[in-house]
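Below are the structure tokens for one structure; questions will follow.
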Ligand code: ADP
Ligand code: MG
């Protein structure tokens, strides 16, 4: 039988905004050795703002933003939300004929007789677009229309106020390695990683590559050590499911993430991870 205090632990956690889906996960939290964070929406606010618009040739800034907004109009990615917010105008969705969201790359869409691509350099490379790669500390969205490169938009996100303390608290609790994974550019990932004191940063990853890195980190830890992955769930359900303990941040998290997760953090505060570990340690003291 399961000791009553386990239920006490789960109940205590839920009062603190941490929903634990089984007592085995609470027990596993006692042995956390590695914590892997997704970047966007987990350590950062996931609220991007458009900071620069750079059209090419005879395209105007408004025109470039309009193409991007049409392309993003069906996406719920934080990037899409920022573009639609900057555009401000109505989108005539009847004009959209074909829509394709390519995880870790961006969007491909047909509007009337035009094929629009909006995404990162991987998308431009994959589609053989003749563009020039921009080095920036912001996230770059390249835009092409009928295979012609028409310019780029710079967007940037902010680190959550809570993130630095969350990482300090995990280190104080004895977590050996703190890692960040992101599909975003290397320059952006490294800037956030340095700012927060993260041990290892892996950038420009596709969802499947996030799983591969988790497996690599899994082979490096001690046999009894556990790996936590924390994500907002947009494009990271596979890695959430593969971690010893998958945590979804419920504040912004998608339904798929909440489903795939073992533990749901009901707010958007990463410091709830150390809260959960503390509750697990307290629960164990009562049980043994
Ligand atoms: P993260 O790992 O930071 O959460 P994602 O895996 O969601 O990032 O996305 C990785 C990258 O793929 C983004 O930084 C962006 O370059 C590109 N991308 C993903 N979705 C979109 C979109 N809707 N529009 C444009 N680019 C996108
Ligand atoms: Mg994500």
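Looking at this structure, is residue 54 within 16 Å of ligand 2 (Cβ to nearest atom) and surrounded by fewer than 23 Cβ atoms within 10 Å (Cβ to Cβ)?
Criteria not met by residue 54.
Would it be correct to say that residue 29 is in contact with a helix residue (DSSP H, G or I) (Cβ under 9 Å, 6 or more places away or on another chain), in a helix (DSSP H, G or I), modelled with pLDDT of 95 or more and not assigned by TED's automatic domain parsing to the domain that holds residue 281?
Judged against the criteria, residue 29 is not a match.
Can you tell me which of (1) surrounded by fewer than 18 Cβ atoms within 10 Å (Cβ to Cβ); (2) in contact (Cβ under 8 Å) with a residue 24 or more places away in the chain is the one residue 152 doesn't meet?
(1)
Follow-up question, since we're still on this one. Scanning for something away from ligand 2 (no atom under 15 Å from the Cβ), modelled with pLDDT of 95 or more and farther than 26 Å from residue 161 by Cα, does the range 207-215 turn up at least one residue?
Yes, some residue in the range 207-215 is away from ligand 2 (no atom under 15 Å from the Cβ), modelled with pLDDT of 95 or more and farther than 26 Å from residue 161 by Cα.
Could you check, for the range 6-23, whether at least one of its residues is surrounded by fewer than 17 Cβ atoms within 10 Å (Cβ to Cβ), in contact with a helix residue (DSSP H, G or I) (Cβ under 9 Å, 6 or more places away or on another chain) and under 14 Å from residue 153 (Cβ atoms)?
no
I would also like to ask the following. Filter the range 234-251 down to the residues that are more than 10 Å from ligand 2 (Cβ to nearest atom) and either outside the structural domain of residue 22 (by TED's automatic domain parsing) or part of a loop (DSSP other than H, G, I, E, B) (or both), then identify the one that is modelled with the lowest pLDDT.
Ranking the candidates gives 251 first.
Right, next: Going by what's in this entry, would residue 258 be described as in contact (Cβ under 8 Å) with a residue 24 or more places away in the chain, within 15 Å of ligand 2 (Cβ to nearest atom), out of contact with any helix residue (DSSP H, G or I) (no Cβ under 9 Å at 6 or more places or on another chain) and in the same structural domain as residue 40 (by TED's automatic domain parsing)?
Yes.
The values are calculated or read from the model by the stated rules, or taken from the named source; none is laboratory data. Just so you know, these numbers come straight off a predicted model, no measurement behind them. Positions of Cβ are generated from backbone atoms using ideal geometry, with glycine treated the same way; all protein chains shown enter the neighbour counts.
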